[in-house]
Amino acid sequence: MRICQHAAAADVGGFLEPVQQALIHRRGWLRMLAPRATGGAELPLPEVVRLEEEIAAADGSMGWVVTLCAGAGWFAGFLPPDLAREIIGTRRVCLAGSGAPTGFAEREGDGFRITGRWDYASGAPMATHFTLNAVLRENGQPLRDENGAPRISAFAVPAAQVSIVPTWHSVGLRATASHSYSIQGQWVPSSHGFVIDAAHATAPGPLYQFPFYPLAYITLAANLAGMARHFVGLARDSIARRKHTMSGQPLVQRPEVERLLHDAQTQLVQARDHAYALLDRAWARVAAGEEVPQAEIESLQDASLSLVAASRSAVDGLYPYCGLYAANVHSTINRVWRDFHTATQHSLLLP
């Protein structure tokens with residue numbers, strides 16, 4: 001598979017190989033959550049999540065970039081339709097961004113002048129546009145909502161107005177190039193601001209009525225599940241090559257090791273099936289024009305975190321049996337282990 005063939009080189013080079021980038025664009029993966037009316041595919045969410053898991057199972061960095069950048073493409077469903085068509089219609093479109101409100105948007109005329117710096121924009125080198133959250137200000141003072149809290153708005157900004165700051169030096173997911181980016185006093189029209197909420201959707205499909213946080217949780221958890229699946233398969237092969245030092249017995253035949261392998265696989269499958277069943281149920285509600293009850297939203301988020309926990313348990317439980325080969329930075333299993341543990345540090349996935 002082309003994804004796997006170039007994963008090691010991308011890890012060393014610090015970003016996806018041109019062949020991998022071309023594959024992403026040719027398959028239209030970064031447009032798969034964007035509205036059809038804008039040129040996107042507007043695929044059903046359960047189909048997207050399962051695809052993202054499969055890509056991550058082939059290469060964690062590529063899965064992560066596709067997931068984060070396709071997720072930013074979903075925001076086109078909340079932008080003014082003309083602007084959304086312009087953005088999604090961009091050749092080799094890629095939206096990268098950050099959710100932290102670490103900048104300011106000063107009201108100026110019929111737009112805003114944006115200044116700030118944002119971290120962890122996966123796929124930054126191939127981005128044609130960046131999304132961000134910023135605190136709204138007027139005359140240097142924060143604008144406040146009815147509760148007195150600073151008002152925050154999301155914005156979409158062309159890459160030409162953005163400077164990438166090379167800060168990504170992680171142990172894993174190195175090929176995501178999740179660098180920081182800064183904007184210094186760049187003006188954008190008010191139309192570039194948007195609110196990520198079903199009540200503010202500008203596209204009519206059910207995809208834009210699906211709640212944001214469960215969408216974020218399940219797409220990230222699917223990536224961890226894919227990486228964990230990859231690791232378990234590699235661990236099985238690594239363990240099969242080892243023998244117990246004292247007895248000379250193949251390590252894989254020891255009852256406790258056989259049980260660990262079986263339990264890791266079983267727990268992953270069970271947690272995955274449970275999370276996807278809840279996703280499918282929530283999607284069916286939204287597709288039928290219903291709201292997802294808060295209890296089901298919370299259940300889907302909890303199931304996503306349980307899937308992450310099962311993935312952690314599988315990887316961490318098997319790693320000690322994999323031998324020094326698994327500690328070799330040039331081995332596939334080591335790259336998968338590094339990618340997995342870096343991905344677990346996403347703020348939404350903390351235990």
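Would you check if there is a residue in segment 233-248 being open to solvent by less than 70 Å² (accessible area, probe 1.4 Å), among the polar types (S, T, N, Q) and either at pLDDT below 85 or more than 18 Å from residue 308 (Cα to Cα) (or both)? Yes, that holds for at least one residue.
Considering segment 22-42, the residues that are among the small types (Gly, Ala, Ser) and part of a loop (DSSP other than H, G, I, E, B) include one that is nearest to residue 153 (Cα to Cα), namely 34. For segment 295-326, a residue qualifies if it is assigned to a helix (DSSP H, G or I), open to solvent by less than 20 Å² (accessible area, probe 1.4 Å) and of a type outside the set (A, V, I, L, M), and the qualifying residues are 304, 311. When segment 114-128 is limited to residues that are more than 14 Å from residue 179 (Cα to Cα) and in contact with a strand residue (DSSP E or B) (Cβ under 6 Å, 6 or more places away or on another chain), the one that is most open to solvent (accessible area, probe 1.4 Å) turns out to be 115. Looking at residue 171, is it in contact with a helix residue (DSSP H, G or I) (Cβ under 9 Å, 6 or more places away or on another chain) and farther than 21 Å from residue 117 by Cα? Yes. Scanning segment 200-213 for residues that are out of contact with any Asp or Glu (no Cβ under 7 Å at 6 or more places or on another chain) and either surrounded by 24 or more Cβ atoms within 10 Å (Cβ to Cβ) or not in a helix (DSSP H, G or I) (or both) yields 201, 202, 203, 204, 210, 211. Screening 329, 269, 292 for residues that are assigned to a loop (DSSP other than H, G, I, E, B), open to solvent by 10 Å² or more (accessible area, probe 1.4 Å) and within 23 Å of residue 233 (Cα to Cα) leaves exactly one candidate, 329. Of all residues in segment 49-76, those being of a type in the set (Val, Ile, Thr) and more than 15 Å from residue 212 (Cα to Cα) number 3. For residue 241, the conditions (1) under 27 Å from residue 122 (Cα atoms); (2) touching a residue at least 40 places away in the same chain (Cβ under 8 Å); (3) not aromatic (Phe, Trp, Tyr) all hold with the exception of (1).
Residues in segment 339-351 that are part of a helix (DSSP H, G or I), out of contact with any Ser or Thr (no Cβ under 8 Å at 6 or more places or on another chain) and not hydrophobic (A, V, I, L, M, F, W, C): 341, 347. Number of residues in segment 33-66 that are over 14 Å from the mean Cα position of the chain (by Cα) and either hydroxyl-bearing (Ser, Thr, Tyr) or closer than 26 Å to residue 11 by Cβ (or both): the value is 2.
The values are calculated or read from the model by the stated rules, or taken from the named source; none is laboratory data. Quick caveat: nothing in here was measured; it's all calculated off a predicted structure. Reconstructed Cβ throughout: ideal geometry from the backbone, glycine too, with neighbour counts over all protein chains shown. Areas reflect the complete protein model, heavy atoms only, side chains present, ligands, DNA and RNA absent. Shrake-Rupley method; radii C 1.70, N 1.55, O 1.52, S 1.80 Å.
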